Amino acid sequence: MSRFKLLVFALAVLVVLGITAYAQDADNNTHLGTWVVTVTPPAASGHPAFNALITFSGGGAFIASTQNDHLIPNSGVQQGTWIRTIAGSIHSTELYFVYDPTGSAVAFFKVHATYDFPDADDLTGQGQLARCDLADAHCNALPGFASITGKRVEVEEPAIP
């Protein structure tokens, strides 16, 4: 009978540890999902603020698309990776190609960004843009930092007639 009690106790401990681990993972991944953000470039750039959609995926994948993607010169969808810092912020490296009017890739742009999450539905951050050659080498950082603010995209129930 004592082996049975030991087995039940061990199972109870494992269940509690599993629930605790799940709760901690959920709290640490509140950034996962898609966000609508406004990016305000440095004032010295002369560029106006613009909107973007960014997605943080499990495993560290990052995807973004901006309202400026199809302006000349065109830019591709941003792809990259993210990691959580000890302080709870997210650091990311985002990459995208820039194309000339004929559709030829002419540069590789790289964004280094930091995101903070004051609550589960808001983010703030800043990023710096660098222009690189097509091999993602010989990068030159552009002066200043863009500010980023955003809101989580919430799941909405479809309107059913």
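Sort out which residues of the range 103-123 are in a strand (DSSP E or B) and open to solvent by 60 Å² or more (accessible area, probe 1.4 Å), and write them in order of number. Lay out the reasoning, then the answer.
Our first condition is that a residue be in a strand (DSSP E or B); within the range 103-123, this holds for 105-119, 122-123.
Once the filter is applied, which keeps residues that are in a strand (DSSP E or B) and open to solvent by 60 Å² or more (accessible area, probe 1.4 Å), the range 103-123 yields Val106, His112, Asp116, Pro118, Asp119.
Test Ser89 against the stated conditions and say whether it is within 19 Å of Thr124 (Cα to Cα) and polar (S, T, N, Q). Before the answer, list the steps.
Details: within 19 Å of Thr124 (Cα to Cα): yes; polar (S, T, N, Q): yes.
Taking the combined requirement at face value, the residue satisfies it.
Can you find even one residue in the range 133-150 that is within 20 Å of Phe50 (Cβ to Cβ), out of contact with any Leu (no Cβ under 7 Å at 6 or more places or on another chain), exposed (fewer than 12 other Cβ atoms within 10 Å of the Cβ) and not aliphatic (A, V, I, L, M)?
Taking every residue of the range 133-150 in turn, at least one turns out to be within 20 Å of Phe50 (Cβ to Cβ), out of contact with any Leu (no Cβ under 7 Å at 6 or more places or on another chain), exposed (fewer than 12 other Cβ atoms within 10 Å of the Cβ) and not aliphatic (A, V, I, L, M).
Here is a yes/no grid of residues against (1) open to solvent by 70 Å² or more (accessible area, probe 1.4 Å); (2) on the phi > 0 side of the Ramachandran plot; (3) modelled with pLDDT of 90 or more:
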site	(1), (2), (3)
His47	yes, no, no
Phe50	no, no, yes
Gly60	no, yes, yes
Thr66	no, no, yes
Leu71	yes, no, no
Gln79	yes, no, yes
Tyr96	no, no, yes
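In the range 117-133, how many are more than 22 Å from His31 (Cβ to Cβ) and of a type in the set (Ser, Thr, Tyr)?
Quick first cut of the range 117-133, residues more than 22 Å from His31 (Cβ to Cβ) only: 130-133.
Filter again for of a type in the set (Ser, Thr, Tyr), leaving none.
Total meeting the criteria: 0.
The values are calculated or read from the model by the stated rules, or taken from the named source; none is laboratory data. What you see is a predicted model, and the numbers here were worked out from it, not measured in a lab. Glycine also receives a Cβ, built like all others from the backbone with ideal geometry; neighbour counts cover every protein chain displayed. Heads up: the accessible areas ignore ligands, DNA and RNA and are worked out on the full protein's heavy atoms, side chains in. Shrake-Rupley method; radii C 1.70, N 1.55, O 1.52, S 1.80 Å.
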